[in-house]
Every structure is written in C-alpha cells, then in structure tokens.
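Working notes, beginning with the structure itself.
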Amino acid sequence: MAQENIIHGPPIPDYLLNSKSNLSQHFIRLIMEFGNNTAMVDAHNESSFTFKNILNASFNIANTLKYEFGIQKDDIVGIFSENTILYPSLVLAVWHIGGVCALFNPMYTTKELTHVLNITKPKLMIASQMGLNIAKDSSKPLHFVKYVCPIDILCNASIIEEYTDFVSTPCDNNQTCVILFSSGTTGLPKGVELSHKSIFLMVSVMKHINQMVTKTDTLMGLVPMFHGYGLLIICLCLSIGSKVVVLKYFNEELFLKSLEVQKVSVLFAVPPLMVFLAKHPLVEKYNLSCLKIIYCGAAPLSLNTENEVINRIGKGKPLNVFQGYGMTELSMVSTTSGQGGVEHTSGSVGKLICGMSGKVIDLNNGKLLGVNESGELCFKGPMVMNGYYKNPKETTSIIDAEGWLHTGDIGYYDKNHNFYIVDRIKELIKYKGYQVAPAELESLLLTHPKIKDVAVIGLPNPEAGELPMAFVVKNPNSTLSENDIVQFVNKNVSAQKRLRGGVRFVNSIPKNPSGKILRRVLKDLIKQSKL
Ligand code: 4UW
C-alpha cells in the first residue's frame, strides 16, 4: 500500500492524549478561571449568564437530577430544547453525575421523537416550554421515561444559589457522554455515541488550532445546540472563555442587529446564512465591522458565495472566511482551514486537524488514490465515534476493521494536503445544513394507502443547498395530487424535512437488481431536466 497516500494531521500533544479528565472535571477547572466574565447572552432579551452562573446552575441542576429524579451514573437524560443560555448548564449537570445526554431536535413531531426515544430510552426528559406537549405525548406510552420536566422548573433559582463544594461523580473518560442523531450514509437516524475523551480532544484541538479566537472575542452560534456543531461551539466557549450570543431561531433583523450591538467578532455559519450575508439587502443597513472570522461548515459552500461575503462584509478590513468539514460520527470536525491563522485556500475545506488521518479511495475498487484524485473520503483517529448506539451492524458498515470511517462524501486533496469536497454518494440530503434522511421520508410515504412506490432525493437549490423531493408511483387508478402528498408529509415531519422540492409522478422507481434505489439516475434525470 502506498503509505504516502495516507495523510496525517499534526500529532495531538501527549499531555492531551494522556489526560484522564472527564468533561465534568475538565470544565469545572476551566470555568472557575473565567469566573465573573460574561459567558452567554440571550439575543432576544439581552439577559446574560457569567461563567460562574453557568457552573453554579450546573451544580444545582446536577443535585436535583441526582436526588429528586434518581438519575445515576450511565443513565440517559434527554434534552428537547431550542437554543437557550441554560443549555450548557443542563449538559454539564448531566456530565457532573456521570450521565449521558441525548440531544433531540426541538422541531421533532411526536412520531419523530418517539423514534429517538425508543433508541435511547432516557429515564428523564428535560423539555423547553415549546416542546413540552410533544415531549409529554411521546413519553406517555413509553414505560422507560419516568419523568418529563420543563427546563424552567428544573432551573428555577439554580443560577443565583452559590455552590462551594460540589463533588462530581467519578467516570472514566472512555465512557459515552452524549448521543447525537445522524442517519450516517444510509437508513434512518441513528444514535451517535461520543465519549468524554473524543469531545475533550476535539475541543482541545479546536482551541489549539484556532488561537485567533480568544477570551476577548464574542461568538455567535446560530447553529442549533442539539447538533454536534452547536455543542462544539458551547464547549469551545467554555474552554476559551469567550462570550456567546444565543439566538433561539433565525430572524433576519434580530440576527443582524445582534451582530452589530453585541459586536460579534466570530460567526459560526452554515452555507444558507452565507448566501443571506452575500445577497440580502438588509445586510447593508447594519455595521458589521466587528466581524473578523466566519467559520462555515455542514454543507457545500460555493466559491462565489465565499468571495461575495468577503467582498461585501470585509470591505476595507481583514475578514477571514474559514471552512470546516466533518461529520457527527467524527466528533464533528475532520478538516478545517485557517489553522494557526494560516491563509485559507479558496474553495477548500482545509487541512486535517491534529490527530486525524485521512485517505481517498476509489469508488469502484476501494484502492488508495493520490493527490488530486477524487474518491470516497475516509478518516481515522481518536475522535471517531464509539459507534452507533446499540447498533453494531450499522457501526461496522461505516467503520471498517482497520478503524477507517467511510464518510460517503466524494473529495480529494491537493499537493499541499488541502481537502476539497466534490459530491456526496450517501443518501443523505442536507437542507440548510440540517440532515434529512431519504429513508425516513420514504418509509413514511409508503404508509400512504395510495402510494405504491417512492424515492426521495435532494433537489439542488442555491439558497438551501438541497430541497427534499419525492418521486412517487401511485397505486393503479388512485387519485392523488402533489398537494395531497405534501400535506401528508407536512403533518408528520419536522419543518426541515418538508417536500419543498415538490413531487414528481413516475411509472416506476429505478432500482438495481438487489432492489436498492438508484438515486443517481433520478438526480441525473433532474439535471438533464427530463422530468
Ligand atoms: N462541505 C461540504 C462542508 C461540509 C459538508 C459537512 O450533520 P453532519 O453529521 O455534520 C455536520 C458537521 C458540520 C461541521 C463540521 C466541521 C466544522 O468545522 C463545522 O463548522 C465550521 C461544521 O454538518 O453532516 C455530515 C455531512 O455534512 C456534509 C458532508 O456530506 C458530511 O458527511 N458536510 N461539512 N464543509 N459538505
């Protein structure tokens, strides 16, 4: 094997690799240092928490979880909430008592939440006001969920009370600390198990390579905290000591106003937000001169958009746009540009991060490829997930016997080892950076009595990236309109999964001899506008 075609990021420093700290111990130590500095600001009402507030709240919540709800080491606690400045305290509280957080998308319908509850079987569900009814309805028939507790009740008075001698529950750093959801390369959403160690290493490595971000910076994380990208931003803020401005949902004016008023210097974005910054007329009305770095990831960013943002926002001052690429299964990041403040190569998702190895393999025969040759990207390292929760079959289908995780993304690296993403071979659709699993929509659509067969693909779209779109074979003689199908889907799924790309009626779905849908054929049909 041509070993030079396996690329390695810089080594992880030994003191990090050998650290035995779990995340509770790690963050208690760091947060103490930042004390009364502001950690989180709510953009909606400008209320804020200091680092000390966050820690005190986490200790008090941890005690409530332990003594009032009987949560013990290794128990799973579900969190079902939109972004809030209380989120870090909730996650830390679970970690303090050696528990595991399962983070759920707050937009889930009852049916969707039931699916992930059945996978993770949490003893306690912590829900925001918005999600409370869905959390209660989903949990009621499930005997394993013992309690559903609103965040407000759990957190009441927790912030003010001061704690002096909290002792966290000892737990090994190889233990799972969080379960996030991803559909991976195929099928329904699965629970991605990440250990204390992999998150600790990821956050430490990100802090190490992003030394341009310091405690004097103000970060904006519009990214949802239930997603690994959002979780990473929280952990990064708690590690660096910088302030984060939190938005519950995207509102054009509030977003822009918050950037200006809070003097945001570092923005974590997804490509649709970049399109907004590049094109929307409102952007001109605000002074965004404080922005010095924009990180973008989660979906492909066009070179045009990247340049438009730099030219429009960065007028007359240095603005760096860096790109990161990764996957929930890789503890989020595998490559990123701007490491150590070094120039970003346009269009590239950057270089391997510390501790990560990468290779590109031929799509047909799995052979190792070299510089500038496109194939499937594979990664290996200590930040690869522990596995899919209680799903060894799916785990071995994505991580091979040598420990390489096969991403289902097509890309290449250049002679300087900058990586580029070209396409996606896996089923996954990305709508505004959110995962949409075609298999989930297909199995829902197949429950419709008038639908005989179906395939769902992502229709390319300049603003959203991709729009879920269905090819439908009707049952003979049945009357079914596009609108009937769209309404049926809307009733059953969360907003990002709606069939915004529409419905096409076809006579049959192209499949290979073993019955696998040939999505590429459908995508090509759309490209050639044959439908
Ligand atoms: N370009 C093209 C990209 C890119 C991309 C991800 O929902 P998940 O599991 O994970 C994410 C991760 C987001 C992220 C990682 C690293 C980073 O630094 C950052 O911010 C700067 C964000 O979304 O989806 C994983 C899939 O998403 C696609 C790709 O298909 C991958 O397998 N993807 N980043 N820069 N595509």
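The values are calculated or read from the model by the stated rules, or taken from the named source; none is laboratory data. Keep in mind that what you see is a predicted model, and the values were worked out from it rather than measured. Quick reminder, even Gly has a Cβ in these numbers, built from the backbone with ideal geometry, and neighbours come from all protein chains shown.
Against the definition (among the aliphatic types (A, V, I, L, M), over 17 Å from the mean Cα position of the chain (by Cα) and more than 15 Å from the ligand (Cβ to nearest atom)), how does LEU238 come out, yes or no? Here the answer is yes, as LEU238 does meet what is asked. Just one of the listed residues (SER289, SER348) is within 16 Å of the ligand (Cβ to nearest atom) and either surrounded by fewer than 23 Cβ atoms within 10 Å (Cβ to Cβ) or assigned to a loop (DSSP other than H, G, I, E, B) (or both), and it is SER348.
Among the residues of segment 244-257, none qualifies, meaning not one is at positive phi, surrounded by fewer than 24 Cβ atoms within 10 Å (Cβ to Cβ) and assigned to a loop (DSSP other than H, G, I, E, B).
To keep it simple, each residue is scored yes or no on (1) surrounded by fewer than 21 Cβ atoms within 10 Å (Cβ to Cβ); (2) of a type in the set (Asp, Glu).
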| site | (1), (2) |
| --- | --- |
| ASN416 | yes, no |
| GLU442 | yes, yes |
| VAL454 | no, no |
| GLY458 | no, no |
| ALA464 | no, no |
| ALA470 | no, no |
| THR479 | yes, no |
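Residues that are among the charged types (D, E, K, R), closer than 25 Å to PHE322 by Cβ and within 16 Å of the ligand (Cβ to nearest atom) within segment 392-425 comprise ASP409, ASP414, ASP423, ARG424, listed in sequence order. Among the residues of segment 106-118, are any more than 18 Å from GLY326 (Cα to Cα), among the hydroxyl-bearing types (Ser, Thr, Tyr), within 16 Å of the ligand (Cβ to nearest atom) and in contact (Cβ under 8 Å) with a residue 40 or more places away in the chain? Within segment 106-118, one or more residues are more than 18 Å from GLY326 (Cα to Cα), among the hydroxyl-bearing types (Ser, Thr, Tyr), within 16 Å of the ligand (Cβ to nearest atom) and in contact (Cβ under 8 Å) with a residue 40 or more places away in the chain. Applying the criterion of being outside any loop (DSSP other than H, G, I, E, B) and more than 7 Å from the ligand (Cβ to nearest atom) to the residues of segment 328-339, the residue that is nearest to SER182 (Cα to Cα) is LEU330. Can you confirm whether ILE410 is farther than 30 Å from VAL100 by Cβ and either in contact with a Gly (Cβ under 6 Å, 6 or more places away or on another chain) or assigned by the TED database to the domain that holds LEU117 (or both)? No, not satisfied.
Given the conditions (1) closer than 22 Å to GLU440 by Cα; (2) more than 16 Å from the ligand (Cβ to nearest atom); (3) not basic (Lys, Arg), report the number of the one that TYR147 does not fulfil. Only one criterion is unmet by TYR147, namely (1). Selection of segment 113-160 for residues being in a loop (DSSP other than H, G, I, E, B) and of a type in the set (A, V, I, L, M, F, W, C) yields MET130, LEU142, PHE144, VAL145, ALA157, ILE159, ILE160. Across segment 419-440, the qualifying residues are those that are assigned to a loop (DSSP other than H, G, I, E, B) and of a type in the set (Lys, Arg), and the one among them that is surrounded by the fewest Cβ atoms within 10 Å (Cβ to Cβ) is LYS426. Taking the listed residues TYR389, TYR295, TYR325, the one that is under 19 Å from the mean Cα position of the chain (by Cα), more than 13 Å from the ligand (Cβ to nearest atom) and surrounded by 21 or more Cβ atoms within 10 Å (Cβ to Cβ) is TYR389, with no other qualifying.
Residue-by-condition table, conditions (1) surrounded by fewer than 22 Cβ atoms within 10 Å (Cβ to Cβ); (2) part of a loop (DSSP other than H, G, I, E, B); (3) of a type in the set (Asp, Glu); (4) more than 14 Å from the ligand (Cβ to nearest atom):
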site: THR185; (1), (2), (3), (4): yes, yes, no, no
site: LEU188; (1), (2), (3), (4): yes, yes, no, yes
site: LEU194; (1), (2), (3), (4): no, no, no, no
site: MET202; (1), (2), (3), (4): no, no, no, no
site: VAL205; (1), (2), (3), (4): no, no, no, no
site: GLN211; (1), (2), (3), (4): yes, yes, no, yes
site: THR216; (1), (2), (3), (4): yes, yes, no, yes
site: VAL223; (1), (2), (3), (4): no, yes, no, no
site: LEU232; (1), (2), (3), (4): no, no, no, no
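Of the set (1) under 21 Å from GLY366 (Cβ atoms); (2) of a type outside the set (A, V, I, L, M); (3) out of contact with any strand residue (DSSP E or B) (no Cβ under 9 Å at 6 or more places or on another chain), all apply to ASP423 but (3).
With a requirement of 2 or more residues that are surrounded by 15 or more Cβ atoms within 10 Å (Cβ to Cβ), the helices (runs of 4 or more DSSP H) lying completely within segment 1-112 that satisfy it span 23-34, 51-63, 87-96. Exactly one residue among GLY324, GLY341, GLY366 is within 20 Å of MET202 (Cα to Cα) and out of contact with any strand residue (DSSP E or B) (no Cβ under 6 Å at 6 or more places or on another chain), and that residue is GLY341.
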